[in-house]
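A short write-up of the structure that comes next.
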Amino acid sequence: MSPASQPPQPDLKAIRGSFLDFIDDPFYVPEADSVRYLADGLLILEDGKVKDFGAYGELQNRYKELPTTVYAERLIMPGFIDTHIHYPQTGMIAAYGEQLLEWLDQYVFPTEGKFQDKAYAEEIAEIFLDQLLSNGTTTALVFAAVFPQSVDAFFEAAERRSLCMIAGKVMMDRNAPEALCDTADSSYQDTKALIQKWHKKGRLRYAVTPRFAITSSDEQLQRAGELLAEFPDVYLHTHLSENVSEVAWVRQLFPQCNGYLDVYDQAGLVKQRSVFAHCVQLTEAEFQRLSEADSAIAFCPTSNLFLGSGLFKLEQAKSAEYPVKLGLGTDVGAGTSFSILQTANEAYKVAQLRQQKLSPFQALFLATLGGARALCLDDLIGSFDIGKEADFIVLNPRATPLMACRHAASAPSSLSELADRTFALIMMGDDRAVEATYILGKLVYEKAEATLP
(Lines give C-alpha, C1' and ligand atoms only; values in the text may rest on other atoms or scores of the structure.)
Protein backbone atom coordinates (compact mmCIF):
# COMPACT_ATOMS: atom_id res chain seq x y z
CA MET A 1 0.00 0.00 0.00
CA SER A 2 1.43 3.36 -1.00
CA PRO A 3 1.76 6.12 1.64
CA ALA A 4 -0.90 8.17 -0.14
CA SER A 5 -3.45 5.35 0.15
CA GLN A 6 -2.77 4.44 3.76
CA PRO A 7 -5.63 5.15 6.19
CA PRO A 8 -5.16 8.31 8.27
CA GLN A 9 -3.47 7.80 11.60
CA PRO A 10 -5.59 8.57 14.68
CA ASP A 11 -5.03 11.97 16.29
CA LEU A 12 -3.84 10.96 19.76
CA LYS A 13 -2.90 13.37 22.54
CA ALA A 14 -2.71 13.44 26.32
CA ILE A 15 -3.65 16.04 28.94
CA ARG A 16 -2.28 15.80 32.47
CA GLY A 17 -3.54 17.71 35.49
CA SER A 18 -6.17 17.73 38.24
CA PHE A 19 -9.60 16.68 36.93
CA LEU A 20 -13.09 17.12 38.32
CA ASP A 21 -16.29 15.75 36.81
CA PHE A 22 -19.42 13.90 37.95
CA ILE A 23 -20.62 10.35 37.59
CA ASP A 24 -23.98 10.94 39.29
CA ASP A 25 -26.25 13.66 40.66
CA PRO A 26 -25.04 15.04 44.04
CA PHE A 27 -28.56 16.27 44.81
CA TYR A 28 -29.59 12.62 45.26
CA VAL A 29 -26.37 10.62 45.63
CA PRO A 30 -23.75 11.26 48.35
CA GLU A 31 -21.03 13.54 47.06
CA ALA A 32 -18.39 10.88 47.73
CA ASP A 33 -20.24 8.67 45.21
CA SER A 34 -21.11 11.33 42.63
CA VAL A 35 -17.90 13.41 42.43
CA ARG A 36 -14.96 12.08 40.41
CA TYR A 37 -11.75 13.88 41.32
CA LEU A 38 -8.26 12.98 40.21
CA ALA A 39 -5.56 15.11 41.84
CA ASP A 40 -3.11 13.87 39.19
CA GLY A 41 -4.99 12.48 36.23
CA LEU A 42 -4.41 11.70 32.58
CA LEU A 43 -6.93 12.31 29.80
CA ILE A 44 -6.27 10.54 26.50
CA LEU A 45 -7.92 12.00 23.41
CA GLU A 46 -8.40 10.32 20.06
CA ASP A 47 -9.99 12.14 17.11
CA GLY A 48 -11.84 14.54 19.37
CA LYS A 49 -13.20 11.99 21.83
CA VAL A 50 -12.16 10.58 25.20
CA LYS A 51 -10.16 7.39 24.58
CA ASP A 52 -9.00 6.81 28.16
CA PHE A 53 -9.18 8.56 31.51
CA GLY A 54 -7.74 7.78 34.92
CA ALA A 55 -5.03 8.38 37.47
CA TYR A 56 -1.69 9.33 35.93
CA GLY A 57 0.14 6.66 37.92
CA GLU A 58 -2.10 3.95 36.45
CA LEU A 59 -1.99 5.12 32.83
CA GLN A 60 1.47 6.66 32.38
CA ASN A 61 3.26 3.53 31.18
CA ARG A 62 0.55 2.76 28.65
CA TYR A 63 0.91 6.20 27.05
CA LYS A 64 4.49 7.14 27.88
CA GLU A 65 5.35 7.81 24.22
CA LEU A 66 2.39 10.15 23.72
CA PRO A 67 2.99 13.93 23.66
CA THR A 68 1.45 15.30 26.85
CA THR A 69 0.21 18.78 27.72
CA VAL A 70 0.59 19.39 31.45
CA TYR A 71 -1.55 21.87 33.36
CA ALA A 72 0.10 22.18 36.76
CA GLU A 73 -1.87 23.68 39.63
CA ARG A 74 -4.99 23.95 37.49
CA LEU A 75 -8.40 22.29 37.57
CA ILE A 76 -9.68 20.64 34.38
CA MET A 77 -13.45 20.18 34.00
CA PRO A 78 -15.93 19.33 31.24
CA GLY A 79 -17.00 22.46 29.37
CA PHE A 80 -19.80 24.47 30.93
CA ILE A 81 -23.31 24.13 29.51
CA ASP A 82 -25.63 27.16 29.30
CA THR A 83 -29.24 26.01 29.07
CA HIS A 84 -30.78 29.41 28.23
CA ILE A 85 -29.26 32.44 26.50
CA HIS A 86 -30.22 35.00 23.80
CA TYR A 87 -27.49 35.76 21.29
CA PRO A 88 -29.32 38.80 19.78
CA GLN A 89 -29.28 40.48 23.20
CA THR A 90 -25.48 40.50 23.47
CA GLY A 91 -25.28 44.18 22.55
CA MET A 92 -27.81 45.31 25.18
CA ILE A 93 -26.61 43.35 28.20
CA ALA A 94 -26.95 45.29 31.46
CA ALA A 95 -29.70 47.66 30.27
CA TYR A 96 -31.01 49.64 33.23
CA GLY A 97 -34.09 49.72 35.27
CA GLU A 98 -37.13 47.71 34.17
CA GLN A 99 -38.95 44.52 34.99
CA LEU A 100 -39.63 41.89 32.36
CA LEU A 101 -42.48 43.23 30.22
CA GLU A 102 -41.29 46.84 30.20
CA TRP A 103 -37.71 45.70 29.60
CA LEU A 104 -38.78 43.77 26.51
CA ASP A 105 -40.52 46.81 25.02
CA GLN A 106 -37.81 49.33 25.87
CA TYR A 107 -34.66 47.36 25.10
CA VAL A 108 -35.11 43.89 23.64
CA PHE A 109 -37.45 44.45 20.73
CA PRO A 110 -35.54 47.43 19.27
CA THR A 111 -32.27 45.49 19.56
CA GLU A 112 -33.63 42.32 17.97
CA GLY A 113 -34.96 44.33 15.03
CA LYS A 114 -31.37 44.83 13.88
CA PHE A 115 -31.08 41.11 13.14
CA GLN A 116 -33.03 41.46 9.93
CA ASP A 117 -29.60 42.41 8.55
CA LYS A 118 -27.68 39.14 8.23
CA ALA A 119 -24.32 40.92 8.20
CA TYR A 120 -25.11 42.42 11.59
CA ALA A 121 -26.29 39.03 12.86
CA GLU A 122 -23.01 37.47 11.69
CA GLU A 123 -21.00 40.13 13.53
CA ILE A 124 -22.86 39.57 16.80
CA ALA A 125 -22.74 35.77 16.44
CA GLU A 126 -18.93 35.91 16.33
CA ILE A 127 -18.74 38.17 19.39
CA PHE A 128 -21.25 35.96 21.21
CA LEU A 129 -19.35 32.74 20.56
CA ASP A 130 -16.05 34.37 21.50
CA GLN A 131 -17.62 35.35 24.82
CA LEU A 132 -18.96 31.86 25.46
CA LEU A 133 -15.62 30.18 24.82
CA SER A 134 -13.63 32.70 26.86
CA ASN A 135 -16.01 32.01 29.76
CA GLY A 136 -15.60 28.25 29.45
CA THR A 137 -19.04 27.57 27.93
CA THR A 138 -18.83 24.94 25.20
CA THR A 139 -22.53 24.16 24.62
CA ALA A 140 -25.58 26.43 24.84
CA LEU A 141 -29.31 26.43 24.14
CA VAL A 142 -29.76 29.69 22.26
CA PHE A 143 -32.55 32.03 21.23
CA ALA A 144 -31.99 33.67 17.85
CA ALA A 145 -34.30 36.46 16.57
CA VAL A 146 -37.54 36.17 14.61
CA PHE A 147 -35.69 36.41 11.29
CA PRO A 148 -34.54 33.10 9.73
CA GLN A 149 -31.27 34.72 8.63
CA SER A 150 -30.40 35.26 12.30
CA VAL A 151 -30.50 31.49 12.76
CA ASP A 152 -28.38 30.91 9.66
CA ALA A 153 -25.79 33.43 10.88
CA PHE A 154 -25.56 31.72 14.26
CA PHE A 155 -25.35 28.15 12.99
CA GLU A 156 -22.83 29.06 10.30
CA ALA A 157 -20.55 30.58 12.94
CA ALA A 158 -21.03 27.63 15.32
CA GLU A 159 -20.40 25.09 12.56
CA ARG A 160 -17.09 26.73 11.64
CA ARG A 161 -15.98 26.23 15.24
CA SER A 162 -17.25 22.61 15.46
CA LEU A 163 -19.46 23.55 18.41
CA CYS A 164 -22.29 21.54 19.93
CA MET A 165 -25.05 24.16 19.90
CA ILE A 166 -28.86 24.19 19.93
CA ALA A 167 -30.75 27.20 18.59
CA GLY A 168 -33.96 28.30 16.92
CA LYS A 169 -35.89 31.11 15.28
CA VAL A 170 -38.22 33.03 17.58
CA MET A 171 -41.90 32.44 16.82
CA MET A 172 -43.89 35.57 17.70
CA ASP A 173 -47.16 36.66 16.09
CA ARG A 174 -48.71 39.13 18.55
CA ASN A 175 -48.07 41.60 21.37
CA ALA A 176 -44.80 42.74 19.80
CA PRO A 177 -43.77 45.38 17.23
CA GLU A 178 -45.18 44.61 13.79
CA ALA A 179 -41.71 44.47 12.25
CA LEU A 180 -40.80 41.64 14.63
CA CYS A 181 -43.94 39.56 14.14
CA ASP A 182 -44.36 36.56 11.90
CA THR A 183 -47.59 34.59 11.49
CA ALA A 184 -48.64 31.16 12.66
CA ASP A 185 -48.19 29.81 9.13
CA SER A 186 -44.96 31.64 8.25
CA SER A 187 -43.36 30.66 11.55
CA TYR A 188 -44.25 27.04 10.86
CA GLN A 189 -42.88 27.14 7.32
CA ASP A 190 -39.70 29.05 8.27
CA THR A 191 -39.01 26.80 11.25
CA LYS A 192 -39.59 23.62 9.24
CA ALA A 193 -37.13 24.80 6.58
CA LEU A 194 -34.54 25.65 9.24
CA ILE A 195 -34.97 22.25 10.92
CA GLN A 196 -34.41 20.51 7.60
CA LYS A 197 -31.36 22.67 6.93
CA TRP A 198 -29.61 22.60 10.31
CA HIS A 199 -30.90 19.94 12.71
CA LYS A 200 -28.20 17.33 13.33
CA LYS A 201 -25.87 18.91 10.80
CA GLY A 202 -22.59 18.04 12.47
CA ARG A 203 -22.95 18.91 16.14
CA LEU A 204 -25.83 21.35 15.64
CA ARG A 205 -29.42 20.82 16.80
CA TYR A 206 -32.62 22.77 16.39
CA ALA A 207 -35.08 24.07 18.98
CA VAL A 208 -38.64 25.13 18.12
CA THR A 209 -38.69 28.52 19.86
CA PRO A 210 -41.91 30.41 20.63
CA ARG A 211 -40.73 33.38 22.71
CA PHE A 212 -43.41 32.91 25.35
CA ALA A 213 -47.17 32.47 25.54
CA ILE A 214 -47.88 36.20 25.53
CA THR A 215 -46.34 36.73 22.09
CA SER A 216 -47.81 33.63 20.45
CA SER A 217 -51.43 33.07 19.48
CA ASP A 218 -53.04 29.76 20.29
CA GLU A 219 -52.79 28.91 16.58
CA GLN A 220 -49.04 29.56 16.54
CA LEU A 221 -48.48 27.38 19.61
CA GLN A 222 -50.49 24.62 17.95
CA ARG A 223 -48.28 24.89 14.85
CA ALA A 224 -45.23 24.63 17.11
CA GLY A 225 -46.72 21.43 18.49
CA GLU A 226 -47.15 20.11 14.94
CA LEU A 227 -43.45 20.65 14.34
CA LEU A 228 -42.53 18.66 17.44
CA ALA A 229 -44.78 15.85 16.25
CA GLU A 230 -43.20 15.89 12.77
CA PHE A 231 -39.64 16.08 14.09
CA PRO A 232 -39.65 14.18 17.43
CA ASP A 233 -35.95 14.67 18.15
CA VAL A 234 -35.91 18.48 17.94
CA TYR A 235 -36.16 20.62 21.08
CA LEU A 236 -38.76 23.01 22.44
CA HIS A 237 -37.27 26.15 24.03
CA THR A 238 -39.37 28.89 25.59
CA HIS A 239 -39.99 30.93 28.73
CA LEU A 240 -42.34 29.95 31.54
CA SER A 241 -43.66 31.70 34.66
CA GLU A 242 -40.85 34.21 35.00
CA ASN A 243 -42.68 37.25 36.33
CA VAL A 244 -45.87 37.82 38.35
CA SER A 245 -47.34 40.30 35.83
CA GLU A 246 -46.48 37.93 32.97
CA VAL A 247 -48.33 35.05 34.66
CA ALA A 248 -51.39 37.27 35.21
CA TRP A 249 -51.42 38.36 31.55
CA VAL A 250 -51.16 34.75 30.35
CA ARG A 251 -54.20 33.93 32.49
CA GLN A 252 -56.15 36.69 30.70
CA LEU A 253 -54.99 35.61 27.23
CA PHE A 254 -55.72 31.91 27.75
CA PRO A 255 -58.75 31.72 30.10
CA GLN A 256 -59.50 28.20 28.84
CA CYS A 257 -56.21 26.89 30.27
CA ASN A 258 -55.50 25.73 33.80
CA GLY A 259 -52.42 27.87 34.38
CA TYR A 260 -49.35 28.92 32.37
CA LEU A 261 -47.80 25.49 31.82
CA ASP A 262 -51.15 24.16 30.63
CA VAL A 263 -51.05 26.67 27.76
CA TYR A 264 -48.01 24.84 26.41
CA ASP A 265 -49.34 21.43 27.41
CA GLN A 266 -52.56 21.84 25.44
CA ALA A 267 -50.45 22.66 22.37
CA GLY A 268 -48.36 19.49 22.77
CA LEU A 269 -45.21 21.33 23.84
CA VAL A 270 -44.44 19.67 27.19
CA LYS A 271 -42.12 16.83 26.27
CA GLN A 272 -38.79 15.18 27.13
CA ARG A 273 -36.79 17.63 25.00
CA SER A 274 -38.68 20.70 26.19
CA VAL A 275 -36.63 23.26 28.12
CA PHE A 276 -38.49 26.00 30.01
CA ALA A 277 -36.51 29.03 31.16
CA HIS A 278 -36.99 30.61 34.60
CA CYS A 279 -40.06 28.89 36.14
CA VAL A 280 -39.84 31.23 39.14
CA GLN A 281 -43.60 31.37 39.72
CA LEU A 282 -44.44 27.69 39.14
CA THR A 283 -47.08 25.97 41.25
CA GLU A 284 -46.44 22.63 42.91
CA ALA A 285 -48.71 20.94 40.35
CA GLU A 286 -46.68 22.46 37.51
CA PHE A 287 -43.41 21.16 38.96
CA GLN A 288 -45.06 17.75 39.16
CA ARG A 289 -46.20 17.92 35.54
CA LEU A 290 -42.70 18.84 34.33
CA SER A 291 -41.31 15.88 36.26
CA GLU A 292 -43.86 13.50 34.75
CA ALA A 293 -43.09 14.77 31.22
CA ASP A 294 -39.31 14.55 31.80
CA SER A 295 -39.03 18.20 30.71
CA ALA A 296 -36.24 20.49 31.89
CA ILE A 297 -35.90 23.87 33.59
CA ALA A 298 -33.18 26.43 32.93
CA PHE A 299 -32.42 28.16 36.26
CA CYS A 300 -31.34 31.74 35.48
CA PRO A 301 -30.50 33.43 38.78
CA THR A 302 -28.61 36.48 37.49
CA SER A 303 -31.54 37.35 35.24
CA ASN A 304 -34.17 36.66 37.89
CA LEU A 305 -32.41 38.97 40.33
CA PHE A 306 -31.64 41.67 37.73
CA LEU A 307 -35.24 41.92 36.53
CA GLY A 308 -36.69 41.44 40.01
CA SER A 309 -38.59 38.35 38.88
CA GLY A 310 -38.25 36.37 42.11
CA LEU A 311 -36.40 33.49 43.75
CA PHE A 312 -36.43 30.10 42.06
CA LYS A 313 -37.59 27.15 44.20
CA LEU A 314 -34.48 25.04 43.76
CA GLU A 315 -35.45 22.54 46.44
CA GLN A 316 -38.77 21.87 44.69
CA ALA A 317 -37.17 21.31 41.30
CA LYS A 318 -34.71 18.86 42.86
CA SER A 319 -37.19 17.16 45.19
CA ALA A 320 -36.96 13.40 45.58
CA GLU A 321 -40.66 12.91 44.89
CA TYR A 322 -40.96 14.92 41.66
CA PRO A 323 -37.45 15.61 40.33
CA VAL A 324 -37.11 17.89 37.31
CA LYS A 325 -34.07 17.99 35.04
CA LEU A 326 -32.26 21.24 35.78
CA GLY A 327 -29.45 23.26 34.24
CA LEU A 328 -28.02 26.76 34.67
CA GLY A 329 -28.77 29.55 32.21
CA THR A 330 -27.04 32.91 31.98
CA ASP A 331 -29.99 34.43 30.06
CA VAL A 332 -27.85 37.15 28.50
CA GLY A 333 -28.96 39.93 28.08
CA ALA A 334 -31.26 39.98 31.14
CA GLY A 335 -28.51 37.99 32.77
CA THR A 336 -25.53 40.22 33.39
CA SER A 337 -22.64 37.84 32.72
CA PHE A 338 -21.67 35.13 30.24
CA SER A 339 -19.88 33.38 33.12
CA ILE A 340 -21.43 30.15 34.40
CA LEU A 341 -19.23 30.55 37.48
CA GLN A 342 -20.92 33.87 38.22
CA THR A 343 -24.30 32.32 37.48
CA ALA A 344 -23.56 29.57 40.01
CA ASN A 345 -22.49 32.29 42.44
CA GLU A 346 -25.93 33.92 42.16
CA ALA A 347 -27.69 30.55 42.31
CA TYR A 348 -26.08 29.95 45.70
CA LYS A 349 -27.36 33.30 46.93
CA VAL A 350 -30.88 32.64 45.66
CA ALA A 351 -30.88 29.39 47.62
CA GLN A 352 -29.59 31.20 50.70
CA LEU A 353 -32.39 33.77 50.47
CA ARG A 354 -34.86 30.89 50.55
CA GLN A 355 -33.09 29.25 53.52
CA GLN A 356 -31.84 26.46 51.25
CA LYS A 357 -28.37 25.18 50.43
CA LEU A 358 -26.55 24.75 47.13
CA SER A 359 -23.23 23.00 47.57
CA PRO A 360 -20.33 23.77 45.22
CA PHE A 361 -20.52 20.25 43.81
CA GLN A 362 -24.25 20.57 43.18
CA ALA A 363 -23.65 23.88 41.40
CA LEU A 364 -20.87 22.47 39.23
CA PHE A 365 -22.97 19.40 38.46
CA LEU A 366 -25.71 21.71 37.12
CA ALA A 367 -23.05 23.49 35.05
CA THR A 368 -21.78 20.26 33.45
CA LEU A 369 -23.42 16.83 33.57
CA GLY A 370 -26.70 18.22 34.93
CA GLY A 371 -26.91 20.64 32.02
CA ALA A 372 -26.12 17.83 29.60
CA ARG A 373 -28.92 15.74 31.09
CA ALA A 374 -31.31 18.69 30.85
CA LEU A 375 -30.49 18.90 27.13
CA CYS A 376 -30.61 15.10 26.60
CA LEU A 377 -26.95 15.23 25.55
CA ASP A 378 -25.37 13.35 28.47
CA ASP A 379 -24.47 10.44 26.19
CA LEU A 380 -22.20 12.84 24.28
CA ILE A 381 -20.93 15.55 26.63
CA GLY A 382 -20.85 16.62 30.28
CA SER A 383 -18.20 14.32 31.75
CA PHE A 384 -14.94 12.56 30.95
CA ASP A 385 -16.51 9.15 30.34
CA ILE A 386 -14.74 7.16 27.64
CA GLY A 387 -16.28 7.72 24.22
CA LYS A 388 -17.68 11.16 24.94
CA GLU A 389 -16.84 14.22 22.86
CA ALA A 390 -13.85 16.03 24.35
CA ASP A 391 -15.12 19.52 25.16
CA PHE A 392 -13.35 20.66 28.33
CA ILE A 393 -11.89 23.68 30.09
CA VAL A 394 -8.85 24.50 32.19
CA LEU A 395 -9.55 26.64 35.26
CA ASN A 396 -6.99 28.56 37.29
CA PRO A 397 -8.19 28.73 40.92
CA ARG A 398 -5.47 31.35 41.57
CA ALA A 399 -6.28 33.61 38.61
CA THR A 400 -6.31 36.86 40.59
CA PRO A 401 -4.20 38.06 43.53
CA LEU A 402 -7.16 37.63 45.89
CA MET A 403 -7.90 34.13 44.60
CA ALA A 404 -4.21 33.27 44.97
CA CYS A 405 -4.39 34.45 48.56
CA ARG A 406 -7.46 32.28 49.14
CA HIS A 407 -6.18 29.14 47.37
CA ALA A 408 -3.06 27.13 48.11
CA ALA A 409 -1.00 26.21 45.05
CA SER A 410 -1.10 22.47 45.78
CA ALA A 411 -3.98 20.30 44.60
CA PRO A 412 -6.67 19.44 47.18
CA SER A 413 -6.08 16.08 48.80
CA SER A 414 -9.58 15.42 50.22
CA LEU A 415 -13.20 15.89 49.19
CA SER A 416 -13.78 18.51 51.88
CA GLU A 417 -10.72 20.47 50.77
CA LEU A 418 -11.88 20.24 47.17
CA ALA A 419 -15.34 21.49 48.19
CA ASP A 420 -13.81 24.51 49.90
CA ARG A 421 -11.57 25.23 46.92
CA THR A 422 -14.34 24.95 44.33
CA PHE A 423 -16.74 27.04 46.40
CA ALA A 424 -14.26 29.88 46.53
CA LEU A 425 -13.70 29.46 42.78
CA ILE A 426 -17.46 29.85 42.19
CA MET A 427 -17.69 32.89 44.46
CA MET A 428 -14.68 34.75 43.06
CA GLY A 429 -14.21 33.25 39.62
CA ASP A 430 -15.31 34.54 36.22
CA ASP A 431 -13.74 34.63 32.75
CA ARG A 432 -10.39 35.48 34.36
CA ALA A 433 -10.30 31.98 35.85
CA VAL A 434 -10.75 30.29 32.45
CA GLU A 435 -7.26 29.60 31.17
CA ALA A 436 -8.10 27.39 28.18
CA THR A 437 -11.08 25.95 26.32
CA TYR A 438 -10.95 22.82 24.18
CA ILE A 439 -13.50 21.73 21.57
CA LEU A 440 -13.29 18.14 20.35
CA GLY A 441 -9.85 17.95 21.90
CA LYS A 442 -8.53 21.06 20.11
CA LEU A 443 -7.46 24.22 21.88
CA VAL A 444 -9.80 26.99 20.68
CA TYR A 445 -9.25 29.59 23.40
CA GLU A 446 -6.27 30.38 25.59
CA LYS A 447 -6.04 33.26 27.99
CA ALA A 448 -3.32 35.67 26.94
CA GLU A 449 -0.18 35.58 29.07
CA ALA A 450 -1.69 33.25 31.61
CA THR A 451 0.74 32.94 34.50
CA LEU A 452 0.54 31.91 38.10
CA PRO A 453 0.15 34.89 40.42
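Some notes on this structure:
- Strands (runs of 3 or more DSSP E) within segment 376-453 that include 3 or more residues surrounded by 22 or more Cβ atoms within 10 Å (Cβ to Cβ) and at pLDDT 95 or above: 392-395, 434-439
- Lone qualifier among Glu73, Glu58 - being over 22 Å from the mean Cα position of the chain (by Cα), under 30 Å from Val35 (Cβ atoms) and at pLDDT below 95: Glu73
- Residue in segment 363-382 that is touching a strand residue (DSSP E or B) at 6+ places or on another chain (Cβ under 9 Å) and of a type in the set (Ser, Thr, Tyr) present: yes
- Taken over segment 222-245, the criterion of being out of contact with any Pro (no Cβ under 6 Å at 6 or more places or on another chain), under 13 Å from Thr191 (Cα atoms) and not in a strand (DSSP E or B) is satisfied by Arg223, Gly225, Glu226, Leu227, Leu228, Glu230, Phe231, Val234.
- Candidate set: segment 117-145, residues that are more than 22 Å from Asp391 (Cα to Cα) and without any contact (Cβ under 8 Å) to a residue 40 or more places away in the chain; chosen: the one surrounded by the fewest Cβ atoms within 10 Å (Cβ to Cβ): Ala119
- Residue in segment 212-224 that is within 22 Å of Leu377 (Cβ to Cβ), at pLDDT 95 or above, under 18 Å from the mean Cα position of the chain (by Cα) and not basic (Lys, Arg) present: no
- Against the numbered list (1) farther than 30 Å from Ala408 by Cα; (2) surrounded by 16 or more Cβ atoms within 10 Å (Cβ to Cβ); (3) not assigned by TED's automatic domain parsing to the domain that holds Gly308, Glu65 comes up short only at (2).
- One residue from Asp233, Asp294, Asp265 being surrounded by 17 or more Cβ atoms within 10 Å (Cβ to Cβ), charged (D, E, K, R) and modelled with pLDDT of 95 or more: Asp265
- None of Gln362, Gln352, Gln342 is in the same structural domain as Thr111 (by TED's automatic domain parsing), in a helix (DSSP H, G or I) and without any contact (Cβ under 8 Å) to a residue 12 or more places away in the chain except Gln352.
The values are calculated or read from the model by the stated rules, or taken from the named source; none is laboratory data. Predicted model only: the values in this text are computed from it and were never measured. Virtual Cβ from ideal backbone geometry, glycine too; neighbours counted across all protein chains shown.
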